[in-house]
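Have a look at the structure below before the remarks.
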Protein chains: 2
Amino acid sequence: MVPAGFAEERVMEKRGDRLRDVLEEEILTGVLRPGDRLEELQLAERFGVSRTPIREALFQLSAAGLIEQRPRRGTFVAEVGPKRLMEMFDVMSELEAMCARLAARRATPEDLAALRRAHDGCAAAAERGDFDGYYYENEIFHEKIREASRNGFLVEQADALQKRLKAYRRLQLRARDRLRASFEEHDAVIAAIEAGDAEAAGEAMRGHVTVQGERFADLLASLERREAKSA
Amino acid sequence: MVPAGFAEERVMEKRGDRLRDVLEEEILTGVLRPGDRLEELQLAERFGVSRTPIREALFQLSAAGLIEQRPRRGTFVAEVGPKRLMEMFDVMSELEAMCARLAARRATPEDLAALRRAHDGCAAAAERGDFDGYYYENEIFHEKIREASRNGFLVEQADALQKRLKAYRRLQLRARDRLRASFEEHDAVIAAIEAGDAEAAGEAMRGHVTVQGERFADLLASLERREAKSA
DNA sequence: GTCAATCATCATGTATACATAATGCCGATT
DNA sequence: AATCGGCATTATGTATACATGATGATTGAC
């Protein structure tokens, strides 16, 4: 029987956990690209460890959906087609909408202040046409809304799914008008949350995420068509 | 590079996968109860394998949220408190509501027929006051709605979360009136889906799942209070 | 020259051996 | 008597050795 309550115990991290973080980062940033093979021996040599912790890391990434393990065949960075990407964004939209609805009902004054700061950060980045900056501030904005939902489990789920989708961010179109449109959508969301209008907040957020997903999926589809033609 | 399309390849299952299934079943059915310790050596001996595939199984269960691994300390069947259980049911409600909404829009005639059959199964079980039977038919009903959403990713997420919650089903109250109330809620859901009213279907489903979650959480809270008192 | 079957190669799956940190016992000290 | 600290124990973390199935290259038949 394990004691019911365990506060902040500083726990030694396993090698596998650190390796997972490194590999995850490389997948999310595109150093490792969808379809790439991950060979255990090669990774073991690269990191100077045995295969055992490597396998642990791979299992964790596989469970997170970032890689795909095919027994006896090897493991590969997950490839997501347009159809599935759309499905994932549909769910993401819903989770984010739920966060926004709950945030509208439960956000504390501190939550609202943090949210407003993040929004201002987006504004500044949009103003100067700073795409990378906007991307960064945008993540904070969404994160603050999630936190304001005051549902820890929901936050975990949303974060996990966002990670899976993040690997496809490099498909993002860098259109100036999209930057402004995104910001205006944020504006509608934050206004609804501050007004305590849960339904409006949810709807605004759903639309905001969905349009982003559609753009990704369209672009991905066109890329795949091009590849198919050239192959 | 992995081939883009891989049809039905019969793949050999790993031992770890089979072990995961066995342990999962034992957790979901309550043979292994929240807080129970899982010792690798002991499990290895029990199943007649080495620790390696046992560890694989544990990693998978850990990722699924069914167990908790604390480095150097051991692994335990996950314990979920009332607060977190409520959070999880809130998310479950939302996912199921989303399934219902999508089902109302996209269900094929075959989907609707299967759904109706499942509903009739529930009716029969409720009629004869068969709690176990209703539980079984109820699962099919929900599963059919999920399938009718035609969003494979959503179905996966909903299934995964349902598994995590399933471990708490033994808390279910066996009240006859709850059986009838549940059935009537189902009736509202299926009516809205058949009518193609997405919003109504979603709302009906949300309420249906939420009320169930509240009952679980209340019961769990009362159990924990009792334990705390006796300790 | 093409195709298919056989076999060598190698990455993955599994077992075992070794390393190390957490746990609990026991005795010494206050 | 109670508490602290050291030591033995043991389960987990890691490395290595062995087993096995997938891959593809070679060879032979047509």
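Every number here is computed from the coordinates shown, using simple stated rules; none is lab data. This is a predicted model, so every value here is computed, not measured. Reconstructed Cβ throughout: ideal geometry from the backbone, glycine too, with neighbour counts over all protein chains shown.
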FRET efficiency, 1/(1 + (r/R0)^6) with R0 22 Å, evaluated for B:Lys166 and B:Val22 via beta carbons: 0.90
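Return the loop-located trypsin sites (Lys or Arg not before Pro) in the stretch B:64-113 (DSSP other than H, G, I, E, B) with at most 10 other Cβ atoms within 10 Å of their own Cβ; answer none if there are none.
B:Arg72
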Selected from B:Val11, B:Val211, B:Val189 as most flexible by GNM, with chain B as the system and alpha-carbon contacts under 10 Å: B:Val11
Copy-to-copy label separations for B:Val31, where each label sits 7 Å from Cα toward Cβ, in nm and ascending: 4.3
Chain A, relative contact order in percent, only Cα pairs under 8 angstrom and at least six apart counted: 24 percent
Loop trypsin sites (Lys or Arg not before Pro), the stretch A:117-191 (other Cβ atoms within 10 Å of the site Cβ: 15 or fewer; DSSP): A:Arg128, A:Arg174
Identity and axial distance of the chain A residue whose Cβ lies nearest the axis relating A to B, Å: A:Ala63, 1
Ranked list, fewest to most other Cβ atoms within 10 Å of each Cβ, for A:Asp36, B:Asp177: B:Asp177, A:Asp36
Given charges at Cβ of Lys, Arg, Asp, Glu: the stretch B:41-122 dipole, positive-most of B:Ile54, B:Cys99, B:Ala114: B:Ile54
Pairwise centroid distance, computed over Cα atoms, of the stretch B:143-198 with the stretch B:38-91, Å: 26 Å
Lysine pairs in chain A with Cα atoms under 23 Å, if 8 or more residues apart or on separate chains: 6
Between 0 and 90°, nearest 10: helix A:82-106 axis offset from chain A longest Cα axis: 50 degrees
Copy-to-copy label separations for B:Gly129, where each label sits 7 Å from Cα toward Cβ, in nm and ascending: 7.6
Gain on full stretching of the segment that runs from A:Arg70 to A:Leu112 - 0.36 nm per residue minus C-alpha separation: 10.6 nm
Using alpha-carbon coordinates, inclination of helix B:109-127 to the longest axis of chain B, degrees: 80 degrees
Contour excess over end-to-end distance, with Cα ends at A:Glu227 and A:Glu40 and 0.36 nm allotted per residue: 64.4 nm
Nm distances between copies for A:Gly196, ranked from closest, using label points 7 Å along Cα→Cβ: 3.9
C-alpha long axis of helix A:176-195 to longest principal axis of chain A, angle in °: 70 degrees
Ratio of Rg to Rh over chain A (Cα coordinates, Kirkwood Rh, two decimals): 1.02
Cα pair distances of the protein assembly as shown binned at 20 Å [whole percent]: 21, 55, 24, 0
MRE, 222 nm, helices only [DSSP H, n ≥ 4, -39500 (n - 2.57), over chain A, to nearest 500]: -24500 deg cm²/dmol
Using a Förster distance of 60 Å, the FRET efficiency for A:Tyr135-B:Arg176 (Cβ separation, nearest 0.05): 0.60
Mean separation of Cα contacts under 8 Å (6+ apart) over length of the stretch B:15-77, as relative contact order %: 43 percent
